[in-house]
Structures are given as structure tokens and as C-alpha cells.
1. Rounded, prolate or oblate: which fits segment 3-186, taking a ≥ b ≥ c as square roots of the Cα gyration tensor eigenvalues, rounded meaning a/c under 1.5, else prolate when a/b beats b/c?
2. Out of the DSSP beta bridges found with both residues in the chain, what percent are antiparallel (nearest 5)?
3. Please compute the alpha carbon radius of gyration of segment 1-85, then divide it by the globular-protein estimate 2.2 N^0.38 Å. Two decimals is fine.
4. When a/c reaches 1.5 or more, the comparison of a/b and b/c decides; with that in mind, is the chain rounded, prolate or oblate per its Cα gyration tensor?
5. Could you tell me how many cubic angstrom of Cα convex hull volume segment 206-360 has per residue?
6. What does the C-alpha gyration tensor say about the overall shape of segment 57-114? Classify as rounded when a/c is under 1.5, otherwise prolate if a/b is larger than b/c, or oblate.
7. If you put +1 on each Lys and Arg Cβ and -1 on each Asp and Glu Cβ, how big is the dipole of segment 78-129 around its Cα centre, in Debye rounded to 20?
8. Rounded to the nearest 500 deg cm²/dmol, what is the calculated helix-only ellipticity per residue at 222 nm for the chain, with -39500 (n - 2.57) per DSSP H run of length n ≥ 4?
Amino acid sequence: MGASRERAIVLEEVAAKVRECTLCRLHRNRTRAVAGEGPVDADLFLIGEAPGRQEDAAGRPFVGSAGKVLNRALTSARISRKDVFITNVVKCRPPANRAPKADELEACRPYLRSQIEAVRPRVLVTLGSTALRSLQGPGAGLSEARGRDLAFDGIPVRAAYHPAAVLYNRRLEAALRADLRSIGRRVPKKPARVHSTPPRAGKPVRPGRSAGAVVMNREGRALLLRKAGEAMWVLPKGTLELGETDEEAAVREVHEETGLRVKLLRPLTEVRYAFYWPPDGVNVDKTVAYFLAAPIGGRVRPEPGFDEGRWVSRSEAMRLLHWPNDREVVARAFDARRTIGVIGKRRGSSRAAKRSTRRSR
Ligand code: SF4
């Protein structure tokens, strides 16, 4: 299971516990507990005080008047609300919107902590004094904290006014927006994901060369990678850098993408295909050289861009791999492994592979 999926499950479990929670008196008057919402890989994690009347009715954070103020401030800071995780220090509405009491804050604290650990944001943003004090201790003051670099469990913390305060003092709206703009500048924008499309008629053609590998362990299983946020399983591969051989690029790409150091055992095949690449406006005529490889060190730790690395059998690979080309390459790898024997145990196999890879240049 991928790290993102595991973290998403933690968030779902927290939400389920919150819905059933009776740990403090606030459960008595709630209509719906409000666990929070947002993507598990959010860079920004916003923490308010407690649900209000409309949030209590909807079961979602910041959907009432204060939510509108927050949405305006996020928009002015060019932060998309759907990209941030939003929750409150306590998950149930206090009667008459009073401030949460110390024992209620204490009872609810483990839920917030689990959410922070699951999301692991780049920046925690406290909205108002209650959220600030829940992370920085009871002595923390909002005026002194605004604009300062604080931290909680090694995660940077920035303090801002609570949007509800703006409803009572409109002059604070500019300050809230300025705080969020300053925070937004500290978080790198995620580049929009670009997808290739089928080749387009009349576009210039650019040749491209990549190299990759089918890495097989001693148990005879092949390593596949799952692209981040997608159900697409692929093989590790990437474009040759200037002056690199196919072999050098394959070893480097496998290490960068999977975390494993590998030795190449033999070349498998070359795959050729074409696609249109929108950022450059060209049809790419791509050739990929694939090798059979065995791990010699490191551990499977997919780089950002992949959610999961999995050792699979031949039949699993045929079922999971997205591209028919990749399935053919993996089938060749399993056949080749049969002729080589148990990878890493038979003497001479690596020498034979060296001879073989030299021939391929
Ligand atoms: S406020 Fe938190 S601790 Fe209290 S009942 Fe709701 S979820 Fe449980």
C-alpha cells in the first residue's frame, strides 16, 4: 500500500472516531461533528477554533460567514481552498459558540495531532488565538506571533487572525489577507500536471531516447511503480542525460525513481513509440532501451511523482501494467530470468551481462 493511501486511511479513521466521539461534553449538543477536510498531501494545514452553527449543521469546516471571509482571503492570496487541509482545534460546536474549555481542548487534541502527522504539511496556519495556543502553549499571544517563524513538531507554524474576528472588526480583513498572502508565498506552487496526447499531424518531430529496467529480486518478482494520484503502474525509466550511455541512464533512473541501486544483467529490448508533448508543441519519437537488472543495495523508496513501489509476479505485472509495451518488456524479463537462473546466485551471470550490455552500445 502506498504512503499516501496509508495516510489517507489514517485521516478517514480519525474522521470516523470523531463522528462517534463522546470524550468531552461538547458531543451532547452537536448535530454533526466536524473532523475537517482537504487533500492528504496538502502543503497548507489551516486550524480554526471550533465549528459554528452552520458548520455543525453541514458537518464541514468554515462553510458559514467566517468561511466566506476565509475563502475571500485565500483567493486574494492565490491559494486554492481545495488544495489546503482545514480543521479546528475541537471538532464539535460549543454551546452558543463559546470558546472551548481547557478540558475540551485536551480531550480533542489527539485527533488534531493525528491529522497533522498524517498530512505532514509544509506549513501549519493557526487562525485565531485558540488555535495558536493549542500549538504554542497557553502563553502565546496572537499580536506577537503574527509574522514570526514558529514551529510545532518540526513543522513551520504561521499565525493569522481568525476569519470570524473579521466579522466583528472589518479592518482585520486586510491583515488576514496579508497574512495568507505572505504564507502563500512561502509554499511552492504545484506545477499543473501535463499529459502527453497522441501525435498531432503537422507538428515538428523531436527524437528522444530513454533507458529503464525491469528490476527483479531473488524471489523472482519484478518491481513496478504506481504514478502519484493515479492507478497507472509503470516501469522505472527516464531520459538520457548529456553524454550518458543507455546503461548509465538505466542505473541512474532506477536509483532516482525507486531508491534501489542495481546492476544490469542483460539488455532486454528497445521500445519505440510517439506522442505529442503540449509544453513544447512537438511530436516526440521516443526510443526506450530496457535492461534486466538486479538490486545490489538501497531500499524501495519511490521518489515524489510515485505513490508506491511493489514487487509483483508475472501475472500481477500483466494485470497491473498500463502500457502494452511495458507488458511485453516484463514478459521478456521473466523469460530472460529463466535462462539466467536465480538472480544474484549464479556465478558468471554478471560477467555475461557485462559482455551482453557492451554489445548493445
Ligand atoms: S470536541 Fe472532540 S473530544 Fe469533544 S466530543 Fe467532540 S470530537 Fe470528542
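1. Rounded, since a/c falls under 1.5.
2. So the antiparallel bridges in the chain amount to around 60 percent.
3. On the way: Rg = 14.1 Å, N = 85, 2.2 N^0.38 = 11.9 Å.
Rg over 2.2 N^0.38 Å, computed on Cα atoms: 1.19.
4. Values: a/c = 2.95, a/b = 2.22, b/c = 1.33.
Verdict is prolate for the chain.
5. Details: hull volume 17.4 nm³, N = 155.
Normalising the Cα hull of segment 206-360 by residue number yields 112 Å³.
6. On the way: a/c = 2.57, a/b = 1.67, b/c = 1.54.
Prolate, since a/c reaches 1.5 and a/b exceeds b/c.
7. Dipole about the Cα centre, nearest 20: 260 debye.
8. Taken over the chain, the calculation gives -11500 deg cm²/dmol.
No lab work stands behind these numbers, since they all come straight from the coordinates. These figures come from a predicted structure and were not determined experimentally. In this analysis, Cβ positions are derived from the backbone assuming ideal geometry, glycine residues included, and neighbour counts consider all displayed protein chains.
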